[in-house]
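Chemist: This is the structure, below, for whatever I ask next.
FYI, it's all coordinate maths here, none of it is from the lab. Just so it is clear, the model here is predicted, and its values are computed rather than measured. Because the Cβ atoms are built from the backbone with ideal geometry, glycine has one as well, and the counts that use them run over all protein chains shown.
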C-alpha cells in the first residue's frame, strides 16, 4: 500500500461504529483477537466503506446492494500513485466509468482537493452518483457526463475545450457473465462459503464487457490518440498480469512520449497501473 495512505493503520472500529452504528452487526473478533469484518461479504464491506468515508472525510455515502462495492484503501492507492506521477497541484481528473459509488472522484476531491469530472454509461448508476453529489456539499463541484454509445469510451465524453491533467479508469475485468460467475465460485470454494451467489457486488457493466479488461484497455489506447492534446496522462488499472505484455505492446505502437508501469500491492493482491502520455517534451 502507498506510504501516504491513511488506511495503512488498523481500523479503529470503536470510532467507525460511532460514525455508522450499522457496522457493528458485521464486526467480529478473529483468531488474532482483532476486531474485523468478513471482507467476503459485500454488505459488510459496504457498511465499512460508509463508516470510513464518514469518519475520514465527513461524507454520507451509500450504494444500491447490486452495485460494485469498492475497497476504499485500494482505490485511494490509485489516486496517490497518480499524484506521485503528476507532481502538481490544482489537478483536473477525468474518471472513466465512475459507477454508482463515485469513489475515485470522492477520494480525489476530499483527500487531494482535485477538480473531478466523471463519465458513466448506466442511467441508474449515473443517477445514484448524482444523488451522492447532491447529498454532500463537499462534492458539489464534481461534474458527471453520460456515455450513450457503448462502442466508445472517450468519444462523446471529452468536449472541444476540455483539458485534463489525467484520466483514470478501472475497467471491467471479465469477458462475460459466465466468466464472472466462474471466478466467484472459485472464491466461494476457497473461502469455504455456503452461498452460491456472487460474493462481490457488481452489475454487468461494472464486471464484464466483450473482450474483458484487455479489449477495453486496447480500445482506450486507440481512442486516446484522438485526445492526446487534451489529456496530459492516460492511465488504467490492469489486474490480469497475463495481459500486460500485449497491452504494453499496443501502447508503444502509438509512440507515446511517456510510459510507466506502477506496481500496486494490497495484502496478497498484486496489481498495477499503466500510464502513457503524448505530451511534447
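Chemist: Please give the peptides 266-274, 27-35 ranked by average Cβ packing (other Cβ atoms within 10 Å per residue), highest first, as a rough proxy for protection.
Modeler: Sorting 266-274, 27-35 by mean packing, highest first, produces 266-274, 27-35.
Chemist: For residue 40 and residue 253 in the same chain, what is the full-extension length gain: residue separation times 0.36 nm, less their Cα-Cα distance, in nm?
Modeler: Numbers: separation 213, 0.36 × 213 = 76.68 nm, distance 3.99 nm.
Extra length available between residue 40 and residue 253 comes to 72.7 nm.
Chemist: GNM on the chain, C-alpha springs below 10 Å: top fluctuator among 70, 171, 256?
Modeler: Evaluated over the chain, the most mobile residue of the options is 256.
Chemist: Out of 84, 141, 65, any idea which swings most in a Gaussian network model of the chain, alpha carbons joined below 10 Å?
Modeler: Comparing 84, 141, 65 in a Gaussian network model of the chain, the most mobile one is 84.
Chemist: Counting each DSSP H run of 4 or more residues in the chain as -39500 (n - 2.57), what helix-only mean residue ellipticity at 222 nm follows after dividing by all residues, to the nearest 500 deg cm²/dmol? It would help to have the intermediate numbers written out before the result.
Modeler: Working: 9 runs with 102 residues, N = 281.
Result for the chain, helices only: -11000 deg cm²/dmol.
Chemist: So, one more: What ranking do 233-242, 7-16 get when scored by the average of other Cβ atoms within 10 Å per residue, highest first? Let's see the in-between values first.
Modeler: Working: 233-242: 18.7, 7-16: 13.5.
Peptide ranking by packing, descending: 233-242, 7-16.
Chemist: Quickly work out the residue 18-to-residue 161 label distance, labels modelled 7 Å from Cα along the C-beta direction, and quote it in nm with one decimal.
Modeler: Taking the two extended label points, one gets 4.7 nm.
Chemist: Counting only DSSP beta bridges with both residues in the chain, what percent are antiparallel, rounded to the nearest 5?
Modeler: 50
Chemist: Tell me the relative contact order for the chain as a rounded percent, counting alpha carbon contacts under 8 Å between residues six or more apart.
Modeler: 15
Chemist: Kirkwood Rh and Cα-based Rg: tell me the resulting Rg over Rh for the stretch 1-129, rounded to two decimals.
Modeler: On the way: Rg = 15.3 Å, Rh = 15.6 Å.
So for the stretch 1-129, dividing Rg by the Kirkwood Rh gives 0.98.
Chemist: Hey, in the GNM for the chain with a 10 angstrom Cα cutoff, which one of 246, 125, 60 fluctuates hardest?
Modeler: Judging by the Gaussian network model, the answer is 246.
Chemist: Here is a follow-up. Assign one of three labels to the stretch 27-99, namely rounded, prolate or oblate, based on the Cα gyration tensor with a ≥ b ≥ c the square roots of its eigenvalues; rounded applies when a/c is under 1.5, prolate when it is not and a/b is larger than b/c, and oblate otherwise.
Modeler: On the way: a/c = 2.33, a/b = 1.70, b/c = 1.37.
Prolate.
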